[in-house]
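Note sheet for the following structure.
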Amino acid sequence: MKKLEHIGIAVKDLDAAELLYSKLLNTNSYKRELVESEGVITSFFMVGNVKIELLAATNSESPIAKFIEKKGEGIHHLAFEVEDIQKALHEKKEAGFIAINGTPKEGADNKSIAFLHPKSTGSVLVEMCQEN
Ligand code: ZN
């Protein structure tokens, strides 16, 4: 893993969360992006060289809707940047981690992403991402 790339935070109301995090971080969201395939709308903040990714569901089938239903709002995942997502996914599977995605998929922010199951990572959902 090269570095912590972003922290994903599940929120119910993206407008309200953007206001809250603007006040908290003293900076405004610099972009919103819809990830249609995931049923998610994202909003990004930059803090130093780490991003905060707010995630709101666009429908009730969205993984974010299900997460909030179960656990409420809050930290959803940690995302680490990797050089080569295919290789990283393979290595982590070899090392015994459980991959949620068999192959990497397209995520927000022009990245290929793959998730590791919290069951295998001490209850933290871990995203690996590679800049496209
Ligand atoms: Zn993410």
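We did not get these values from a lab; they are worked out from the coordinates using the rules stated. Everything numeric here is computed off the predicted structure, so don't read it as measured data. Reconstructed Cβ throughout: ideal geometry from the backbone, glycine too, with neighbour counts over all protein chains shown.
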Query - Integer Hz, Karplus 6.51/-1.76/1.60 couplings in order for segment 50-66, x for Gly and Pro - result: 10, 9, 10, 10, 7, 10, 10, 6, 9, 7, 6, 8, 4, x, 6, 4, 5
Report summary line: Once amide hydrogens are built 1.01 Å from N within the peptide plane, the residues lying 5 or more places from residue 40 or on another chain with amide H under 5 Å from its amide H are 35, 58
Query - Long-range amide H partners of residue 98 with built H, under 5 Å - result: 117, 120
Report summary line: Residue-ordered couplings for segment 75-85, obtained by feeding phi - 60° into the Karplus form 6.51 cos²θ - 1.76 cosθ + 1.60 and rounding to whole Hz (Gly and Pro as x), are 4, 9, 7, 10, 10, 10, 7, 10, 6, 9, 5
Query - Where only alpha carbons of the chain are counted, the Rg and the Dmax (Å) - result: 14.3, 43
Report task. Could you tell me which of rounded, prolate or oblate describes segment 69-130, using a ≥ b ≥ c as the square roots of the eigenvalues of the alpha-carbon gyration tensor, with rounded for a/c under 1.5 and, failing that, prolate when a/b is larger than b/c and oblate otherwise? Result -> oblate
**Report entry** Cut-off 20 Å, label 7 Å out along Cα→Cβ of residue 2, residues of segment 28-47 by amide N
**Finding:** 44-47
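When Rg is the radius of gyration of the Cα atoms in segment 1-73 and Rh is its Kirkwood radius, what does Rg/Rh come to? Don't jump to the answer; show the numbers that get you there.
On the way: Rg = 12.3 Å, Rh = 12.6 Å.
Answer for segment 1-73: 0.98.
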Query raised in the report: How large is ³J(HN,Hα) for each residue in segment 117-125, as worked out from phi by the Karplus curve 6.51 cos²θ - 1.76 cosθ + 1.60 (θ = phi - 60°), to whole Hz, x for Gly and Pro?
Result: 5, x, 4, 9, 10, x, 6, 10, 5
Query - Projected label distance in nm at residue 12 and residue 131, using a 7 Å step from Cα toward the beta-carbon - result: 3.7 nm
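First measure r as the distance between the Cβ atoms of residue 31 and residue 83, then evaluate 1/(1 + (r/R0)^6) with R0 = 30 Å and state the FRET efficiency to the nearest 0.05. Please list the in-between numbers first.
Values: r = 24 Å, r/R0 = 0.81.
Efficiency, from the Cβ-Cβ distance: 0.80.
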Query raised in the report: Given H placed on each backbone N at 1.01 Å, which residues far from residue 51 in sequence or on other chains put an amide H within less than 5 Å of it?
Result: 6, 7
